[in-house]
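What follows is a set of notes on a single structure, which appears directly below.
The values are calculated or read from the model by the stated rules, or taken from the named source; none is laboratory data. What you are looking at is a predicted structure, and each value in this text was computed from that prediction instead of being measured. Note that each Cβ is placed from the backbone with ideal geometry, even for glycine, and that neighbours are counted across all protein chains shown. Accessible surface is based on the protein model in full, side chains and every heavy atom, while ligands, DNA and RNA are left aside. Shrake-Rupley method; radii C 1.70, N 1.55, O 1.52, S 1.80 Å.
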Amino acid sequence: MIDNQNENPCDRLRHFGIGAGHTPTDGLPSLFADLGLSDLDLMTIRDLSQVGPKPVDDALIGMLGLMFSALGEGSLCLVLDTDHLRKSLPQTADPAVLKLVNGFMGRLDEGCYDTLIDRSGSGGFKPMVLDETTGRRLLYFQKFHYHERRLKQRLKSFLTLPGDHQPTGETIRTVIDHLYDAEAVIRKGADGTPITKDPFQVDAIRAALTAPLLIVSGGPGTGKTSLLVNILRALVRTGTDPSRIMLAAPTGRAAQRMSETLMSNLATIAQPDSGDLQLGRLRGSTLHKLLVYRSRTGGFLFGERRYIPADVIAVDEVSMVDVVMMDRLFQAIEPDRTRVILIGDKDQLPSVEAGSVLADMSPAAGRAFANHFVELRHVYRSAGPLLELAQAINAGHPVSLEPIDFDRALTLKARQWAFVTAGDGDAFARHLDGWVMHQYVRQKNKNGDSYANLVHQLIQRTDSPESMAGENRTNLLNRLFTFAYQCRILTVLRHGRTGARWVNHRIAAGLRQVLDPDGNPDDRLFSGALIMITRNDYTRDLFNGDVGLVMRQPDGMVQVHFKRAGGIAVFPAAGLSDWDLGFAMTVHKSQGSEFDDTLLVLPEDSNHRLLTREIVYTAATRASRRLIVYGTTAAFQTALKRKIQRQSGLI
């Protein structure tokens, strides 16, 4: 630390790498070097420190560093307890941080930071808030305290509502029994096996009929999708108008899957009634679309002054929803009129933004939601090493590794997984080339189809004016989308040699020569390229995570096709909002999707802060048939030992 207290504040902050006209990451001391702070974090620390009681306050600067580090890890707040902070700090962090913490807390008790920190609970708009209402001392940035407090108040309204207008117990039993009758039961698999009358699912259906709020958590193969369909059928059979039901998910792809699984499950019913037929017309939407985002103002049509006109709102993939979006959703719902059903997997990665709302609602976190939370425990997916891996990761059990070579891993049987030891840069590039050949170029089914073959057929039809449109071309596009959804490379990082961007660049360079050799080599896009939307585009109904298929037209125009529940939408590539290539994506982006074949690429840094149990579990549960984990043994074992611990005051 610097001892000269007379030093100019800006000069002093430059010792921390913070200052105008100075690159914030230059010369960072170990105090901040291991906290993963961004340049924007450091600039904000500079600004906030100037609101403090004196020009130079090492304790305040240190505490702000910890606050931004906690926020970067997804926590809503920092627990002001020395023992707790000691356990949560990176092992490599400078021990001087804890000395600063003690100094900060002493000065906080003396009221030295009252210009910066609201301690009264009055809702004064100071940059930070100290909340002691839960019996712990929790330090927040004002934004997250505001949204968490509002969400808590709204959830309390749901939890304390009287059970008026409930169907009788006899009615509920009759409705549930009918859902599992031979003519009404949902069926699974090629042989149409009826789903089992799972006691946990029955509990969930009963709770959905009697309580205004239901939270359902379940891992892969526990029947979450068929349960949601049966919950909706039960609600309709007890008087809910199907047109007053709304379905939503955090991403466009998750919303699309919600629609697809609803229709596919209903299609298996031998004798659907009129309510089932009406439910088949429902379509999922993103949360932003449900709330009606207004791009001009950055706000939403629905909120605390105008409620969503629905009797039932069901939200899938809730683990992805951060505290700010969850607050906005619940503010737009009238508790005594609308039932809310939240479905997800509490053990998956929490939201990219701050908060872990689904995990916070679980009985393990607190008793508040115990009567509104159902965890599905029976796994109906066929057992196999892939499922066993996901279960072992989730339970924190050790996983033994027997590395095999990459070519052998590509030919795994169904429901298998393999670990491939990462080689040097050239080896990784060769393995990516092998993945491309196996997944996109070689014949993949009995019809002789491959991704490359279908792209070439589509190019030929595009070049032929008489077949530009028509059923055959649409059929080719649908078959291509089927291939596109069958495989994906998942990465922990976005940047760097093992990041999604570099992997996409490498794959595109090789595939361009195979799929579109006559295209302009200077263009990023080519026929057969996959792209993923990275920013919501409400004018085109395109949302973050949507995957599109690129086709170059004879006149040189590049068009992108997106699969929709009602068909295929086509847009000029030049008019699209932000996008990345989509052959690889981060594990976070993959949530809400499922792929036959998945390749998980671990970081080269075996101690990277993003290596956690949740990230490997989430990747493993994206794979429905085969998974290849590519990395070092040290990185894999590091991930299994770490569990995300986000701090909040929600419970």
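Quick look at the values:
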read-out: Residues that are within 19 Å of Ile205 (Cβ to Cβ) and part of a loop (DSSP other than H, G, I, E, B), drawn from segment 255-273; value: Thr268, Ile269, Pro272, Asp273
read-out: Yes/no for Gly548 being out of contact with any Cys (no Cβ under 7 Å at 6 or more places or on another chain), assigned to a strand (DSSP E or B), under 23 Å from Ser527 (Cα atoms) and without any contact (Cβ under 8 Å) to a residue 60 or more places away in the chain; value: yes
read-out: Strands (runs of 3 or more DSSP E) lying entirely in segment 299-392 (those with 1 or more residues that are over 30 Å from Asp596 (Cβ atoms) and touching a Pro at 6+ places or on another chain (Cβ under 8 Å)); value: 339-344, 373-376
read-out: Filtered residues of segment 413-426 (kept if open to solvent by 30 Å² or more (accessible area, probe 1.4 Å) and either in contact with a strand residue (DSSP E or B) (Cβ under 6 Å, 6 or more places away or on another chain) or assigned to a strand (DSSP E or B) (or both)); value: Ala414, Gln416, Trp417, Thr421, Ala422
read-out: Helices (runs of 4 or more DSSP H) wholly inside segment 168-254 that include at least 3 residues being crowded, with 22+ Cβ neighbours inside 10 Å; value: 199-210, 224-237
read-out: Number of the condition not met by Gly284 [criteria: (1) among the small types (Gly, Ala, Ser); (2) without any contact (Cβ under 8 Å) to a residue 40 or more places away in the chain; (3) surrounded by 21 or more Cβ atoms within 10 Å (Cβ to Cβ); (4) more than 23 Å from Arg337 (Cβ to Cβ)]; value: (4)
read-out: Pairs, first surrounded by 16 or more Cβ atoms within 10 Å (Cβ to Cβ) in segment 633-644, second among the aliphatic types (A, V, I, L, M) and part of a helix (DSSP H, G or I), C-beta under 8 Å, six or more apart; value: Phe636/Val616; Ala639/Ile615; Ala639/Val616; Leu640/Ile393; Leu640/Val616
read-out: Any hit, segment 286-293, residues being in a loop (DSSP other than H, G, I, E, B), out of contact with any Cys (no Cβ under 9 Å at 6 or more places or on another chain) and charged (D, E, K, R); value: no
read-out: Qualifying position, being open to solvent by less than 30 Å² (accessible area, probe 1.4 Å), modelled with pLDDT of 85 or more and not hydrophobic (A, V, I, L, M, F, W, C), among Gly519, Gly548; value: Gly548
read-out: Gly528 crowded, with 16+ Cβ neighbours inside 10 Å, in a loop (DSSP other than H, G, I, E, B) and at pLDDT below 90; value: no
read-out: Unmet requirement for Glu148, which otherwise passes all of (1) within 22 Å of Gly344 (Cα to Cα); (2) of a type in the set (Asp, Glu); (3) open to solvent by 10 Å² or more (accessible area, probe 1.4 Å); value: (3)
read-out: Subset tally (residues that are modelled with pLDDT of 90 or more, open to solvent by 60 Å² or more (accessible area, probe 1.4 Å) and in contact with a helix residue (DSSP H, G or I) (Cβ under 8 Å, 6 or more places away or on another chain)) for segment 366-410; value: 2
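Every residue, every condition in (1) polar (S, T, N, Q); (2) over 17 Å from the mean Cα position of the chain (by Cα); (3) surrounded by fewer than 21 Cβ atoms within 10 Å (Cβ to Cβ); (4) within 23 Å of Ala211 (Cβ to Cβ), yes or no:
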position: Ile269; (1), (2), (3), (4): no, yes, yes, no
position: Leu277; (1), (2), (3), (4): no, yes, yes, no
position: Ser295; (1), (2), (3), (4): yes, yes, yes, no
position: Arg306; (1), (2), (3), (4): no, yes, yes, no
position: Pro309; (1), (2), (3), (4): no, yes, yes, yes
position: Val323; (1), (2), (3), (4): no, no, no, yes
position: Leu329; (1), (2), (3), (4): no, no, no, yes
